[in-house]
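Participant: Could you have a look at this structure, given as structure tokens, before my questions?
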Amino acid sequence: MAKTFVELADNLVADFDLIDFLRLLTDRCVGMLDASAAGVLLADRDGKLRVMAASDEQVRLLELFQLQNDEGPCLDCFRTGAPVIIHDLTREIDRWPRFATAAHRSGFGAVQALPMRLRDETVGALNLFRAAPGPFDPSATLIAQALADVATISLLQQRTVHRGTVLNEQLQTALNSRVLIEQAKGKLAERQGIDMEQAFSALRGYARAHNRRLADVARAFIDGSEPLPGLVA
């Protein structure tokens, strides 16, 4: 756990890569907290939630499904600013008929959505999915909330009086980067005959190996503005 917090803190540098940071957060949640999958959703400048990171393609699609149908634990968590912890999704059919059914079909039996807060304002949510139904370990929930808090702090690297304005600018930049990355994933997946998760791993690996921002690599690949030797899955 200590190693994970140090790793996350080590990424909090000037001009850090938010998309890669949030993906690191979801990966560590899965590896450390007995979660089957994890996702992060953040609000844009209009207050609409967007999928910013997911530990795998399956949960990314489920998060998108949740937003498209305007129902699910993440939305409730974001709107109330309080954790939403569901031990058995099959018991929530009446509450979230579309989402609960889709989650079950995707192989998930339990979920907890934890708020990402900026003072009294909730800017997003961290979602942890588990295959088997049953209660979540309270200590793991506390750790997950702490990780969500670290991620929220990462959005505030530029300390100014107008924190709300800075946060909106950072989120919008990250949202624009997310669109570029999704486009690059699709193009690379089609070109190499691989799945979307492999395509993301290839882009992310190239960016890290060459000390570049993930969005910059995605943009270069999409527009063909420069050669990217070694960009293979």
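The values are calculated or read from the model by the stated rules, or taken from the named source; none is laboratory data. Keep in mind it's a predicted model, so treat the numbers as computed, not measured. Using ideal geometry, Cβ is built from the backbone for each residue, glycine included, and neighbour counts are taken over all protein chains shown. Heads up: the accessible areas ignore ligands, DNA and RNA and are worked out on the full protein's heavy atoms, side chains in. Shrake-Rupley method; radii C 1.70, N 1.55, O 1.52, S 1.80 Å.
Participant: Identify the single condition in (1) assigned to a helix (DSSP H, G or I); (2) modelled with pLDDT under 90; (3) of a type in the set (Val, Ile, Thr) that residue 13 does not satisfy, given that it satisfies every other one.
Facilitator: Going through the list (1) assigned to a helix (DSSP H, G or I); (2) modelled with pLDDT under 90; (3) of a type in the set (Val, Ile, Thr), residue 13 breaks only (1).
Participant: Residue by residue through the range 119-138, note down the ones that are under 15 Å from residue 30 (Cα atoms) and either free of Cβ contacts under 8 Å to residues at least 60 places away in the same chain or surrounded by 13 or more Cβ atoms within 10 Å (Cβ to Cβ) (or both). Step through it out loud before you land on a result.
Facilitator: So the first thing to find is which residues in the range 119-138 are under 15 Å from residue 30 (Cα atoms), and the list is 126-132, 136-137.
Once the filter is applied, which keeps residues that are under 15 Å from residue 30 (Cα atoms) and either free of Cβ contacts under 8 Å to residues at least 60 places away in the same chain or surrounded by 13 or more Cβ atoms within 10 Å (Cβ to Cβ) (or both), the range 119-138 yields 126, 127, 128, 129, 130, 132, 136.
Participant: Among the residues of the range 119-135, write down those that are touching a helix residue (DSSP H, G or I) at 6+ places or on another chain (Cβ under 9 Å) and either closer than 20 Å to residue 61 by Cα or in a loop (DSSP other than H, G, I, E, B) (or both). Explain how you work it out, then say what you get.
Facilitator: Step one: of the range 119-135, the residues touching a helix residue (DSSP H, G or I) at 6+ places or on another chain (Cβ under 9 Å) are 119, 121-129, 133.
Of everything in the range 119-135, those that are touching a helix residue (DSSP H, G or I) at 6+ places or on another chain (Cβ under 9 Å) and either closer than 20 Å to residue 61 by Cα or in a loop (DSSP other than H, G, I, E, B) (or both) turn out to be 119, 124, 125, 126, 127, 128, 129, 133.
Participant: Next question, about the same structure. Since residue 62 meets every condition but one in (1) within 22 Å of residue 182 (Cα to Cα); (2) surrounded by fewer than 18 Cβ atoms within 10 Å (Cβ to Cβ), which condition does it not meet?
Facilitator: (2)
Participant: Output the number of residues of the range 89-118 satisfying the condition of being open to solvent by 20 Å² or more (accessible area, probe 1.4 Å), without any contact (Cβ under 8 Å) to a residue 24 or more places away in the chain and in a helix (DSSP H, G or I).
Facilitator: Residues that pass the stated criteria total 5.
Participant: Give me the pairs: first residue in the range 69-88 and farther than 18 Å from residue 109 by Cβ and of a type in the set (Ser, Thr, Tyr), second residue open to solvent by less than 10 Å² (accessible area, probe 1.4 Å) and modelled with pLDDT under 95, beta-carbon distance under 7 Å, and six or more apart or on different chains, which are they?
Facilitator: Qualifying pairs under 7 Å: none.
Participant: Moving to a separate point now. Does the range 16-42 hold any residues that are outside any helix (DSSP H, G or I) and surrounded by fewer than 21 Cβ atoms within 10 Å (Cβ to Cβ), and which are they?
Facilitator: Step one: filter the range 16-42 for residues outside any helix (DSSP H, G or I), giving 16-17, 33-42.
Matches in the range 16-42: 16, 34, 36.
Participant: Since residue 208 meets every condition but one in (1) surrounded by fewer than 20 Cβ atoms within 10 Å (Cβ to Cβ); (2) modelled with pLDDT of 85 or more; (3) closer than 23 Å to residue 27 by Cβ, which condition does it not meet?
Facilitator: All conditions pass for residue 208, except number (2).
Participant: Only one of these is at pLDDT below 85, of a type in the set (Ser, Thr, Tyr) and assigned to a helix (DSSP H, G or I): 177, 139. Name it. Walk me through how you get there before you give the answer.
Facilitator: Values: 139 fails: at pLDDT below 85.
Going through 177, 139 in turn, just one is at pLDDT below 85, of a type in the set (Ser, Thr, Tyr) and assigned to a helix (DSSP H, G or I): 177.
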